[in-house]
1. Identify, from the list Ser42, Ser72, the residue that is within 30 Å of Val155 (Cα to Cα), under 25 Å from the mean Cα position of the chain (by Cα) and either in a helix (DSSP H, G or I) or at pLDDT below 95 (or both).
2. Counting just the residues of region 194-217 that are loosely packed, with under 14 Cβ neighbours inside 10 Å and within 24 Å of Cys41 (Cβ to Cβ), which one comes out farthest from the chain's Cα centre (by Cα)?
3. Which members of region 156-173 meet the condition of being β-branched (Val, Ile, Thr) and without any contact (Cβ under 8 Å) to a residue 40 or more places away in the chain?
4. Scan region 16-42 residue by residue and report those that are of a type in the set (Gly, Ala, Ser), loosely packed, with under 15 Cβ neighbours inside 10 Å and in contact (Cβ under 8 Å) with a residue 12 or more places away in the chain.
5. I'd like to check something: does region 129-138 contain any residue that is crowded, with 19+ Cβ neighbours inside 10 Å and assigned to a helix (DSSP H, G or I)?
6. Is it the case that some residue within region 144-160 is β-branched (Val, Ile, Thr), farther than 22 Å from Asp73 by Cα and buried (at least 17 other Cβ atoms within 10 Å of the Cβ)?
7. Got a number for residues in region 179-200 being free of Cβ contacts under 8 Å to residues at least 40 places away in the same chain and of a type in the set (Val, Ile, Thr)?
8. Quick one: Lys197 ticks every box in (1) of a type outside the set (Phe, Trp, Tyr); (2) within 30 Å of Leu71 (Cα to Cα); (3) in a helix (DSSP H, G or I) except a single one, so which number is it?
Amino acid sequence: MAEGNNTAEKPAEPEKATKLEIIITILLGVTTILGAFAAYCSALWGGEMQTSYTQSVTVTNHGNTIYLEALSDLNSFEVNDMKDDIIYSQWKENSEKGDTEDAAYFFTKLSPGLQKDLADDPKDVSEYDKEQTAYLDSINARMDESDHMNDSAKVLLNKGNVANKYGDDFTLCTVLFTVVLFFLGLASLKTHSVMQKTYVMLGVVILVLSLIRMVTIPFPFFQ
């Protein structure tokens, strides 16, 4: 029997990975992690944007409600004040003429605060004036509160716009990292070495530029 038949065939040794293949593998891992991190930051900024926009709308609605209620009270106040002025002049005119019946009629049409002051002293309406001033101050205070709330809503809106921009920037970085993975995937194929190196170089350039861009964007968990 031939000598070759007595000797078992040796198993083929596995091919060792080249330095370029190791570099490609490392770059693929790093790029995948960076892409996932950029997507995570984009999602966080998106959540911050939604929260800010929602708070802005809520504060705006609340401020507008306060303003409309205060405006309604102001209109009623001005109408009642003008009505009191007209009726008071009629009451005073009839009182001075001695027409007690018409004076009494007009007296009943006055506001309760003015009636009380005139009943105590027809020449002194200081308490009524104080009540009117205090009520008007409360209306103005509510309008000021509405203005402050609208200012706060604008701040929240701007905050949401900024978060939206940062989220878009991180999304762009995610896309660029995906492009890097595409070139590295091409480089991992068994193609001509020159093509492999070209794909790797393109991937590395885009990876470095993307990384530089990403680190210039504020991270959401540091805000």
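The values are calculated or read from the model by the stated rules, or taken from the named source; none is laboratory data. Computed from a predicted structure; not experimentally measured. In this analysis, Cβ positions are derived from the backbone assuming ideal geometry, glycine residues included, and neighbour counts consider all displayed protein chains.
1. After ruling out the rest, the residue left standing is Ser42.
2. This residue is Val205.
3. Result: Val162, single match.
4. Answer for region 16-42, where residues must be of a type in the set (Gly, Ala, Ser), loosely packed, with under 15 Cβ neighbours inside 10 Å and in contact (Cβ under 8 Å) with a residue 12 or more places away in the chain: there is none.
5. Looking for residues that are crowded, with 19+ Cβ neighbours inside 10 Å and assigned to a helix (DSSP H, G or I), one finds none in region 129-138, hence no.
6. There is no residue in region 144-160 that is β-branched (Val, Ile, Thr), farther than 22 Å from Asp73 by Cα and buried (at least 17 other Cβ atoms within 10 Å of the Cβ).
7. 4
8. Of the numbered conditions (1) of a type outside the set (Phe, Trp, Tyr); (2) within 30 Å of Leu71 (Cα to Cα); (3) in a helix (DSSP H, G or I), the odd one out for Lys197 is (2).
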